[in-house]
Amino acid sequence: MVAHLSPATCPLLVVKVGSSLLVESDGSVRREWLETLIADIAARHKAKQKIVVVSSGAIALGARRLGFEKGGRASLADAQASASVGQILLSGIWAELLAAQGLTAAQMLVTLDDLEDRRRYLNITATLDRLLGAGAVPVLNENDSVATEEIRFGDNDRLAARVAQAASANGVVLLSDVDGLYDRDPKDPEAQLVPEVSKVDGRIRIMVTGDSSSGMGSGGMASKLDAADIATRAGIGIAIASGLRDHPLAALDDGAPYTWFAPREGGSARKSWIGGRLSVKGSIIVDAGASKALRGGASLLPAGATHVQGEFRRGDVIDIVTAEGETLARGLSEYDATDAVQICGKRSSELETILGAVPRQVLVHRDQMVLL
């Protein structure tokens with residue numbers, strides 16, 4: 001079954017490498033360690049496992065070359081300039097070391113918008129499929145040189161999860177500076193590693209404390225849990241594992257500890273894309289009757305809606321929220337927000353009179369909705 005997949009048995013695996021693993025505190029590349037990781041990738045490639053890499057490190061590398069303070073993160077302008085310089089260095093290192101193992105590197109730079117826009121998302125999917133079919137190793141990073149705060153992932157953990165969706169991957173490995181998810185602060189001597197998680201819920205999220213210990217990256221355990229939620233909802237297993245040891249992928253095969261988030265079954269590719277979106281334009285609050293109907297697989301009718309929040313247009317992704325504030329579902333709105341406000345709580349027979357046209361009968365169709 002899908003849930004029994006592991007990083008070693010996934011036919012297509014996404015490997016995310018954080019800045020703290022790839023770049024020393026002085027801004028130099030941890031070249032010897034990277035060579036061991038690429039040797040692992042080459043071994044996996046030889047064993048017919050396809051690999052996609054999501055690599056951080058461009059900002060840290062560029063900041064060192066430019067002499068910027070705070071690792072290039074003192075301002076958005078510094079981060080963009082650092083990324084512009086660092087991305088050339090980063091892609092060159094990956095290309096050189098992969099070539100030494102007889103592998104061809106392919107660079108792809110993406111922004112949040114690229115994976116949130118359906119057409120561009122499908123273009124990325126097609127490119128990844130062609131590259132992998134040709135035997136290349138795609139190396140992706142966020143295009144920090146042009147991304148603004150409004151269109152940034154902000155961390156490569158969530159980017160890795162979305163790339164895994166686009167590539168139709170079976171698993172993701174987030175190489176980190178810890179062995180996985182602990183039931184409390186890992187610095188606590190009583191802390192225990194959680195070996196497997198079936199669902200990312202409030203009980204799991206309460207275990208998270210602090211951010212990346214290196215201060216170099218932009219993620220942390222909270223972003224890794226977000227990534228796990230995105231991936232597992234799409235039927236993709238995800239592992240959080242330590243990259244502090246040499247040959248980190250081989251170490252997993254040899255029994256090194258990690259936390260495995262088991263994939264959830266069901267759902268179409270389109271629904272996975274909707275559920276994994278990070279930019280949501282607004283929300284519709286629903287009553288108890290609508291909540292029950294939605295959980296039973298129904299579409300959202302205007303009669304079950306009580307309030308509309310945000311500015312959105314037809315086709316935008318919105319959240320469907322219960323009266324208690326729980327985000328129940330996510331889907332594509334059939335109406336602009338202005339029209340949705342007018343028909344909230346109204347019966348289907350009243351819609352034409354209110355809007356002056358023969359309208360769509362639902363606010364969000366069940367085929368364009370995913371329960372969260």
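FYI, it's all coordinate maths here, none of it is from the lab. All values derive from a computational prediction rather than experimental measurement. FYI the Cβ positions are ideal-geometry reconstructions off the backbone, even for glycines, and counts take in every protein chain you see.
Details
- Compactness of the chain as Cα Rg over 2.2 N^0.38 Å, two decimals: 1.05
- What the Cα convex hull of region 1-62 gives, in volume per residue, is 87 Å³.
- Placing +1 on the Cβ of every Lys and Arg and -1 on the Cβ of every Asp and Glu, with no other charges, gives region 331-372 a dipole of roughly 140 debye about its Cα centre.
- Given 11 as the ceiling on other Cβ atoms within 10 Å, longest exposed-site-free region of the chain for trypsin sites (Lys or Arg not before Pro) in DSSP loops: 188-346
- Across region 32-44, computed HN-Hα scalar couplings (Karplus, 6.51 cos²θ - 1.76 cosθ + 1.60, θ = phi - 60°) run 5, 5, 4, 4, 5, 5, 5, 4, 4, 4, 5, 5, 5 Hz from first to last residue, x flagging Gly and Pro.
- Net length gained if the chain between Ala288 and Leu89 were fully extended (0.36 nm per residue, minus Cα distance): 66.2 nm
- Between Thr306 and Ala222, the contour length at 0.36 nm per residue exceeds the Cα-Cα span by 27.1 nm.
- Under-5 Å amide H pairs with Val194, H placed in peptide plane, nonlocal only: Leu181, Tyr182, Asp183
- Computed from point charges on the beta carbon alone (+1 for Lys and Arg, -1 for Asp and Glu), the dipole magnitude for the chain about its Cα centre is near 1000 Debye.
- Most positive-pole-ward Cα, Gln368, Ala99, Ser145, against dipole of the chain from beta carbon charges: Gln368
- Label-point gap, in nm, between Arg295 and Arg313 - each point 7 angstrom along Cα→Cβ: 3.6 nm
- Whichever lysines have a C-alpha closer than 20 Å to that of Lys346, once near sequence neighbours (fewer than 8 apart) are set aside: Lys292
- Of the GluC sites (Glu not before Pro) in region 277-342, the ones in a loop by DSSP (not H, G, I, E or B) with at most 14 other beta carbons within 10 Å are Glu311, Glu324, Glu326.
- Listed residue (Ile343, Leu22, His247) projecting farthest to the positive dipole end of the chain, Cβ model: Ile343
- With θ taken as phi - 60° and the Karplus curve 6.51 cos²θ - 1.76 cosθ + 1.60 applied, the whole-hertz 3J(HN,Hα) list for region 6-14 is 9, x, 7, 9, 5, x, 10, 10, 9 Hz, x standing for glycine and proline.
- The H on the amide N of Gly282, modeled in the peptide plane, is under 5 Å from the matching H of Asp319, each at least 5 residues off or on a different chain.
- Cα-centre dipole for region 247-311 with unit charges at Cβ (Lys and Arg positive, Asp and Glu negative), debye to 20: 340 debye
- Signed unit charges on C-beta, dipole axis of the chain, positive-most listed residue Gln87, Ser75, Ile51: Ile51
- Extension gain for the segment Glu265 to Glu196, taken as residue separation times 0.36 nm less the Cα-Cα distance, is 23.2 nm to one decimal.
- Helix 156-167 and the longest principal axis of the Cα set of the chain meet at an angle near 70°.
- Once backbone amide H atoms are built at 1.01 Å from N, His307 has Ile285 as its partners under 5 Å, excluding neighbours fewer than 5 places away on the same chain.
- Relative contact order of region 88-169: 34 percent, from C-alpha pairs under 8 Å at least 6 residues apart in sequence.
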